[in-house]
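What follows is a single structure, written as structure tokens, with notes after it.
What follows draws every value from the coordinates through simple rules; no lab data is involved. Quick caveat, the model's predicted, so the values are computed rather than measured. Here the Cβ is made from the backbone with ideal geometry for all residues, glycine too, and neighbour counts use every protein chain on show.
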Amino acid sequence: MIEFKEVNKVFQDGFHALKDITFKVEEGELLVLIGPSGSGKTTTMRMINRLIEPTKGTITIEGKDISKEDPVKLRRTIGYVIQQIGLLPHMTIKENVSLVPRLMKWKKERYIDKVDELMHMVGLDPEVFGERYPSELSGGQQQRIGVIRALAAEPKIILMDEPFSALDPISREQLQDELVRLQRDIQKTIVFVTHDMDEALKIADRICIMKDGEVVQLDTPENIIRRPANEFVRSFIGEDRLQGSDSISFPKLTKLMVPAVTAGENRRLAESLKMIRSKRVNSLVVVDNQNVFQGIATVWDVQKNYKDEELMLKDIMDSSVVTLQQNDPAEKAFQLVNESVYGFVPVIDEHRKLVGIVTRSSLVEYMVDEIVE
């Protein structure tokens with residue numbers, strides 16, 4: 001969606017703000033830029049709508065070099081939310097929100113409907129607040145209006161420059177929650193600048209940590225906490241957050257496994273149904289005569305095809321099942337089991353031979369044992 005390729009910025013006073021930075025913002029993700037003062041995070045964000053021009057390098061949006069775009073037209077297609085909010089005091093709230101659509105010559109019915117929709121989206125009744133002026137709203141309400149004004153022209157990209165930093169802690173927390181909820185609904189590409197690591201960890205899909213004009217680490221919040229790239233990142237995150245993550249201990253995968261109820265791939269359906277009933281399970285793990293994993297057959301699969309006496313388990317099983325390798329980290333098991341439609345995930349060795357399964361019950365049992373201990 002947005003791509004920086006070896007971008008440099010040297011200001012007229014000689015300050016080297018950005019040094020060959022290269023990274024990509026994926027479509028629909030919320031990327032947070034964070035770092036100490038002078039790290040280059042705000043300079044980076046302002047290059048996206050050409051408020052600052054690079055000295056060298058290329059920035060593209062959807063594959064198009066933005067240096068060849070009209071900057072005014074470009075900015076009208078990119079939402080922008082700043083710390084100072086920037087609502088025009090002489091305009092009503094509805095007039096503020098509809099400003100860019102009106103500049104883009106939208107029909108009146110269209111932008112009025114869009115304003116009403118957006119105000120409802122952030123819990124501000126347009127009948128109550130629409131005709132008020134910015135000075136009649138609280139700081140948190142004004143910032144909500146600032147956010148939806150950036151959404152009004154339906155941009156694909158929204159830039160947010162420390163938008164909540166001037167608010168009191170309660171309003172800030174509420175707006176962070178509001179942004180996370182909104183992003184689930186609207187799925188815009190958002191680049192968000194902050195100096196607050198807790199805020200970054202809460203709202204980001206990925207975090208880009210910058211220092212002295214360079215990208216130090218760009219990763220998910222989970223990976224940054226678990227695997228900080230260097231001592232600077234460790235200190236910037238803070239030992240209290242790192243210690244909190246270290247306290248979550250995961251066992252080896254073998255400790256989470258339980259035996260599977262298996263059946264040969266050539267077993268007929270009548271025999272299979274009998275086994276399902278006797279073992280009191282709802283699925284059979286299908287293997288060949290060398291114990292190589294083949295797939296999963298559920299009681300529903302068996303019953304649905306039961307009348308066909310020629311069918312075997314290999315004919316009705318699901319062979320596209322996600323599996324775990326026995327050396328995989330336990331964290332992966334928690335994720336895959338949670339996503340599995342079967343409630344368990346087979347574990348195989350390097351030769352695809354079945355080793356066992358990890359089930360929701362075995363995960364819960366482990367966690368309960370850990371709490372008791």
On Cα atoms only, tilt of 360-372 relative to the major axis of the chain in degrees: 70
Could you give the spread of the C-alpha atoms of the chain along their three principal axes, from largest to smallest, in whole angstroms? 79, 51, 47
Which whole-number percent gives the relative contact order of the range 172-245, counting Cα pairs below 8 Å spaced six or more residues apart? 19
Ratio Rg/Rh, restricted to the range 253-372 and using Cα atoms, in which Rh is the Kirkwood radius: 1.00
When we measure straight from the Cα of K68, which aspartates and glutamates land under 14 angstrom away, once same-chain ones fewer than 8 places off are left out? E53
At a Förster radius of 25 Å, what calculated FRET efficiency corresponds to the Cβ-Cβ distance of E3 and D185, to the nearest 0.05? 0.45
Normalised contact order of the range 2-246, rounded percent, pairs of Cα under 8 Å and 6 or more residues apart: 27
Phi angles of the range 46-61, converted by Karplus (6.51 cos²θ - 1.76 cosθ + 1.60, θ = phi - 60°) into ³J(HN,Hα) in whole Hz with x for Gly and Pro, give 6, 6, 5, 10, 6, 6, 10, 9, x, 7, 8, x, 10, 10, 10, 10
For the Cα atoms of the chain, what angle does the longest principal axis make with the long axis of helix 330-339, in degrees from 0 to 90, nearest 10? 90
Would the range 63-205 count as rounded, prolate or oblate if I go by the C-alpha gyration tensor, calling it rounded below 1.5 in a/c and otherwise prolate when a/b exceeds b/c, oblate otherwise? oblate
One finds, for K314 and V10 with R0 = 56 angstrom and r their Cβ-Cβ distance, a FRET efficiency to the nearest 0.05 of 0.25
Does the range 112-153 come out rounded, prolate or oblate by the C-alpha gyration tensor, with a ≥ b ≥ c the root eigenvalues, rounded set by a/c under 1.5 and, if not, prolate when a/b is larger than b/c and oblate if not? oblate
Which residue, K307, K68, K255, has the most motion in a Gaussian network model of the chain that connects Cα atoms within less than 10 Å? K307
What's the angle, to the nearest 10 degrees (0 to 90), between helix 169-186's Cα axis and the longest principal axis of the chain? 60
Among S361, S165, S138, residue whose mean-square fluctuation peaks in a GNM of the chain (springs only between Cα atoms under 10 Å): S361
How far is it, in nm, from the label point at E365 to the one at M275 when both lie 7 Å from their Cα along the line to the Cβ? 2.1
GNM on the chain, Cα springs under 10 Å; top mean-square fluctuation among Y111, Y342, Y80 goes to Y342
Run the dipole for the chain about the Cα centre, Lys and Arg Cβ at +1, Asp and Glu Cβ at -1, nothing else charged, and hand back the magnitude in debye, nearest 20. 820
Can you list residues whose amide H is under 5 Å from M210's amide H, if they're 5+ apart or on another chain and H is modeled 1.01 Å from N? I34, G35, V216
Sequence-distant or interchain residues sharing an amide H contact under 5 Å with V261, placed H: which? V285
If you plug each phi of the range 285-301 into the Karplus form 6.51 cos²θ - 1.76 cosθ + 1.60 with θ = phi - 60°, what whole-Hz ³J(HN,Hα) values come out, in order, with x for Gly and Pro? 8, 8, 10, 8, 6, 9, 6, 7, 5, 10, x, 10, 10, 8, 4, 5, 4
Return, ordered by residue number, the residues of the range 131-170 whose backbone nitrogen is under 18 Å from a label point located 7 Å along Cα→Cβ of E26. 157-158
Dipole check, the chain, charges on Cβ (K,R +1; D,E -1), about Cα centroid: among A200, N96, P163 the Cα furthest to the positive pole belongs to N96
